[in-house]
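Q: Supplied in structure tokens, the structure appears directly below.
The values are calculated or read from the model by the stated rules, or taken from the named source; none is laboratory data. Small disclaimer: the values here were computed from a predicted structure and weren't measured. Cβ atoms come from the backbone with ideal geometry, glycine included; neighbour counts cover every protein chain shown. Protein only, heavy atoms only, side chains kept; ligands, DNA and RNA dropped before computing areas. Shrake-Rupley method; radii C 1.70, N 1.55, O 1.52, S 1.80 Å.
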Amino acid sequence: MVRKDLSITFMGVKFPNPFCLSSSPVGNCYDMCAKAYRSGWGGVVFKTIGPKHYLIDEVSPRFDALTKEAEPFVGFKNMEQIAEHSLEENLADLRRLKKEFPNNVLIASIMGSNEKDWEELARLVTEAGADMIELNFSCPQMTSHAMGSDVGSNPELCRKYCAAVRRSTKLPFMAKMTPNITDMCDPAIASIEGGADGIAAINTIKSIINVDLDKKVGLPIINGKSSISGYSGKAVKPVALRFIQQMKTNPKLKNVDISGIGGIETWEDAAEFILLGCKNLQVTTGIMQYGYRIVEDMKNGLEHYMEEQGVDHLEDLVGLANKNIIPAEELDRDYIVYPEINSDKCVGCGRCVISCYDGAHQAMEWNKETRRPNCNHDKCVGCLLCGLVCPVGAIKPGERVLKPGRKEKNLKKMVLQETVEKL
Amino acid sequence: MSKKYQEEYEVGFTPRLVMEEASRCLLCLDAPCSTSCPAGTDPAKFIRSLRFKNVKGAAETVRINNVLGAICARVCPTERYCQEGCSRSGIDKPIDIGRIQRYITDFEDATKMEILEVKEPNGKKVAVIGSGPSGLTVAAELAKEGFKVTIYEKEAKAGGYLRYGIPEYRLPNEIVDKEIKRIVELGVDIVLNTKVGEDVKIEELRKENDAVILAVGASEGKMLPMFENNRKVIKAVDWLKKTKARKGNVKVPNNVLVIGGGDVAMDVVTSLKLLGCPHVTDVVYEQFSEFRASKKELTGAQAEGVTIIDGYVPTAVARGGIVKFKHRVIPAELKIKADLIILAVGQVSNVNGLGVTLEKGEVNQKGCRVEGTNVFFAGDIGHGEKTVVYGVRSGKEVAFEVKRFLGGKK
Ligand SMILES: Cc1cc2nc3c(=O)[nH]c(=O)nc-3n(C[C@H](O)[C@H](O)[C@H](O)COP(=O)(O)OP(=O)(O)OC[C@H]3O[C@@H](n4cnc5c(N)ncnc54)[C@H](O)[C@@H]3O)c2cc1C
Ligand SMILES: Cc1cc2nc3c(=O)[nH]c(=O)nc-3n(C[C@H](O)[C@H](O)[C@H](O)COP(=O)(O)O)c2cc1C
Ligand code: SF4
Ligand code: SF4
Ligand code: SF4
């Protein structure tokens, strides 16, 4: 039985494990958060609490999913705004949660429309007993332009609102960033300068994920119409990782604690966020699809990974991959890796040949008699598209050769991936 | 010639295929698969772990819940247990849980995981008689709790029917060895070639130990009076034992008659075919509609080309291996001459010298303890179904009761 300590300190607060509900319907009320804690989540970011004057009026239905082949949920779209419960109810829930689960971390997410709102909300959730605060600068479907992702894409507003919150609370707080922006570092730096202790990223991506072909309207359909709104789930993980890596390698942000969000479902996803510098992790879509129970395998899987890596503190894994993400112009372009075909594994489908012809360099040749492929090195550029499409993992990176005219180097010593196979 | 017999009949999943199968799982609420596994192996949980890329966690779930997880994965009649109520059947067909469990335990073995842990010794001693699935399980469960456990086994090797009954192509001895090794590593001693009731007295064991557990199974084949002392006749379990012990290197005659229609008969006829026997005829008392053998075993046997005749009872046997049958319902008769006759008409327990009596093959006591004594019983001689996974269940139950019994006394 593996037993590793998953506790980690994030923004000065010790979490029993890094896994948190992200602010969304998965942490909408006392009962849900209590069940989540009991299921093993280290912390909860409560559903974003707004000012009293902002009236919430939601649409129905409010979700849709992007599918691919038999996969029911590649990405997820929601049209939901912030908490539907009243401010009083939310504050009462926060108080009760902190009282009954003192060892788990309680994070209040807030969103105001002006400095006064932000100050007021920060004060209220501090009084209610939250351990830390998250400022929601990033919901892309608010019905007010003074709120949500319009704030998060404006560094000056981020700075101003962070300063307002700083004035009214001593709790550590993080600013939650929107990915609907070219460079996340600007608003993140402004937030830190305004007084934030950390950054959370990402919120959802503005999207239209499906269009109904009969009614000619995006999904979900709300009385014949739809809107651009937030996209989340597995499909957004790459976008989240990219923003996080960029922030973690920015000189002004490299020592700032980051909470990673976006498409986390498995311990492998979690480990990726950690290796790129996150000390905390948040999840919504995975829970909406599968339930709080997914934390069991995320925790246990991460413990096994720590065991394999020989580390006793999760901290020791944070950011280990950042140094290996470098600008494209600095990559080693001196060699080619040719595909190696395992003819025992090959089932003779020819997909590698099709993809190589139609999507690469016409190097994969086809023996019609034996129904087996053969790679012509004169044409092959070593892109290894063939390996990605092979349904049985019969193609892996093989022989490495120096490109003509390049300086001699030890090709055996290069770090290469062992396989391109995707399960 | 015996290669087919030696190789596992069913091929295991590759990583991709196991993920495809796990992806078919609906990840149910109150999962019916988990509630209907007799041993509490919790398939819904291990499938979910696999689905979420935590294969090591899946292996922990299997192993902690079921110390014979790799064996059950291969031999459980899953269509009657975990797969029976599988919600996926509402769409197409149940999840292949046995094969997923096999993938996970193969992974555990390949990565040399050491999952089970032993508590501090508690100073108490327990003797287990019989090293079949129930004896092994009760021994492992008690060893985990800190008991000093010794198993006594009359045969030269441990495993009961796992070792000497279920044929190699369904359950390789290599797998049995590995499962037993894990249990021995928990500190369990196995004393072989020792028949309790003859070589050792049960009274001695009762005195020397805090508790004694009878797990002697139904390890002898039944004989029908008309075949007594017939040189052409052998009992199914004896033939299977000899065949497995010799890794299939046995002489098979040209024409074999098998009598019986349960899983044991199916193992005999299929083994014969895999060993190259050209003519295998199985005459069965039940009609197909009331067959006892699992569908998988039956179709497996038929696929190998076994002739199965249903609804006939033997009426007489003449010299030279000629057996006469008559149909149970319709006026019909049958006469078959064979080089070898194998009787697969059930197994019986031998509890001589063990201080208990049987009723319909089960110890005639309620629960799992002989009233007023420190003797418990598990497995095929206990109450419940006669399968490996039931042996595991009963082993777990008895371990729990022994713990309660001994804990409560002090
Ligand atoms: C051919 C065959 C195929 C089967 N196939 C399947 C299958 O596919 N799936 C399934 O679930 N079940 C199957 N079964 C049933 C299953 O094997 C039994 O239900 C199970 O083995 C019972 O376990 P047990 O521990 O009670 O006894 P056993 O496995 O019978 O073990 C009892 C052990 O006790 C030993 N012993 C007996 N008396 C003494 C004594 N006096 N002193 C010392 N040792 C003693 C015996 O030598 C033996 O090793 C099969 C059975 C047979 C015969
Ligand atoms: C239905 C839904 C409602 C959400 N509501 C909020 C919210 O109130 N406040 C907030 O900060 N983020 C909200 N989010 C964004 C999530 O917290 C999270 O940042 C995003 O979904 C990406 O993570 P995921 O891929 O794990 O879902 C919501 C997301 C969804 C799907
Ligand atoms: S894609 Fe893979 S399996 Fe198909 S022909 Fe190419 S190597 Fe063979
Ligand atoms: S132990 Fe047997 S019955 Fe239980 S889940 Fe595994 S295969 Fe199914
Ligand atoms: S019952 Fe079937 S579909 Fe449901 S969890 Fe179990 S294996 Fe999966």
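Q: For the range A:110-245, give the magnitude of the charge dipole about the Cα centre (Cβ charges: +1 Lys/Arg, -1 Asp/Glu; no others), in debye to the nearest 20.
A: 340 debye
Q: Could you work out how far apart the two model spin labels at A:K215 and A:K252 are, taking each label as a point 7 Å from the Cα in the direction of the beta carbon, and quote it in nm?
A: So the label points at A:K215 and A:K252 sit 4.5 nm apart.
Q: Kindly give Rg over Rh for the range A:105-200, based on alpha-carbon atoms, with the Kirkwood expression for the hydrodynamic radius.
A: 0.94
Q: Report B:H327's accessible area, 1.4 Å probe, all protein chains in place, as a number in Å² to the nearest 10.
A: Approximately 20 Å² for this residue.
Q: On to the next question. Hey, in the GNM for chain A with a 10 angstrom Cα cutoff, which one of A:D257, A:D214, A:D378 fluctuates hardest?
A: Judging by the Gaussian network model, the answer is A:D378.
Q: How big is chain B by Rg and Dmax over its Cα atoms, in Å?
A: 22.0, 68
Q: Hey, what do the phi angles of the range A:5-17 turn into as Karplus ³J(HN,Hα) couplings, whole Hz, using 6.51/-1.76/1.60 and θ = phi - 60°, x for Gly and Pro?
A: 7, 9, 5, 7, 9, 10, 6, x, 10, 7, 9, x, 7
Q: While we're here: For the cross-link pairs B:K154/B:K181; A:K35/A:K99; A:K14/A:K252; B:K222/B:K360; A:K396/B:K45; A:K170/A:K237, which exceed 21 Å when the distance is taken from alpha carbon to alpha carbon?
A: Pairs exceeding 21 Å: A:K14/A:K252; A:K396/B:K45; A:K170/A:K237.
Q: Over the Cα atoms of the range A:332-413, what is the Rg over Rh ratio if Rh follows Kirkwood?
A: 1.00
Q: Still on this model: Taking all pairs of distinct Cα atoms, average 1/r, flip it, and tell me the Kirkwood hydrodynamic radius of chain A in Å to one decimal place.
A: 23.4 Å
Q: While we're here: How far is helix A:185-194 tilted, in degrees, relative to the longest principal axis of the Cα atoms in chain A, given as a value from 0 to 90 rounded to the nearest 10?
A: 30 degrees
Q: Another question, then. What's the carbon and sulfur percent of the range B:1-135's accessible surface, probe 1.4 angstrom, rounded to a whole number?
A: 53 percent
Q: Could I ask something else about it? If you average 1/r over all unlike Cα pairs in the range B:220-347 and invert the result, what Kirkwood radius do you get in angstrom?
A: With all distinct Cα pairs of the range B:220-347 included, I get 14.5 Å.
Q: Of all the Cα-Cα pairs you can form in the range B:9-110, what percent are over 16 Å apart?
A: 48 percent
Q: With the cut-off at 21 Å, tell me which of the pairs A:K176/A:K206; B:K125/B:K201; A:K176/A:K254; B:K195/B:K247 have Cα atoms farther apart than that.
A: B:K195/B:K247
Q: Separate question: Over the heavy atoms of B:Y161, what accessible area does a 1.4 Å probe trace out, to the nearest 10 Å²?
A: Its heavy atoms expose roughly 60 Å² to the probe.
Q: Sticking with this structure for a sec: Work out the P(r) tail for the range A:62-139: percent of alpha carbon pairs separated by more than 18 Å, whole number.
A: So the portion of pairs separated by more than 18 Å is 54 percent.
Q: Hey, another quick one. Can you check what the net charge comes to around A:D57, using other residues whose Cβ is under 15 Å from the Cβ of A:D57 (Lys, Arg +1; Asp, Glu -1)?
A: For residues surrounding A:D57, the net value is -1.
Q: Round to a whole number: what % of the accessible area of the range A:227-308 belongs to carbon and sulfur, probe 1.4 Å?
A: 51 percent
Q: So if I place +1 on the C-beta of Lys and Arg and -1 on the C-beta of Asp and Glu, and nothing else carries charge, what would the dipole magnitude of the range B:231-324 be about its Cα centre? I want it in debye, nearest 20.
A: I would put it at about 640 debye.
Q: Excluding ligands, DNA and RNA, what is the solvent-accessible area per residue of chain B at a probe of 1.4 Å, expressed in Å²?
A: With all protein chains present, chain B gives 45 Å² per residue.
Q: Rounded to the nearest 20 debye, what is the charge dipole size of the range A:287-348 about its Cα centre when +1 sits on each Lys and Arg Cβ and -1 on each Asp and Glu Cβ?
A: 320 debye
Q: So which residues in the range A:277-318 end up with at least 50 square angstrom less accessible surface once the other protein chains are there, compared with the chain by itself, probe 1.4 angstrom?
A: Buried-area filter returns A:Y290, A:R293, A:D297, A:H304.
Q: Set Lys and Arg Cβ to +1 and Asp and Glu Cβ to -1, take the dipole of the protein assembly as shown about its Cα centre, and tell me which of A:V239, A:W366, B:F52 lies farthest positive.
A: Of the options given, the answer is A:W366.
Q: Give me the summed buried accessible area for the A-B pair, 1.4 Å probe, to the nearest 100 Å².
A: 1800 Å²
Q: Taking a probe of 1.4 Å, how large is the accessible area per residue of chain A, in Å²?
A: 47 Å²
Q: List the extent of the Cα atoms of the protein assembly as shown along each of their three principal axes, largest first, rounded to whole Å.
A: 104, 76, 60
Q: If each residue of separation counts as 0.36 nm, what is the full-extension length gain between A:K379 and A:N367 once their alpha-carbon separation is subtracted?
A: 2.6 nm
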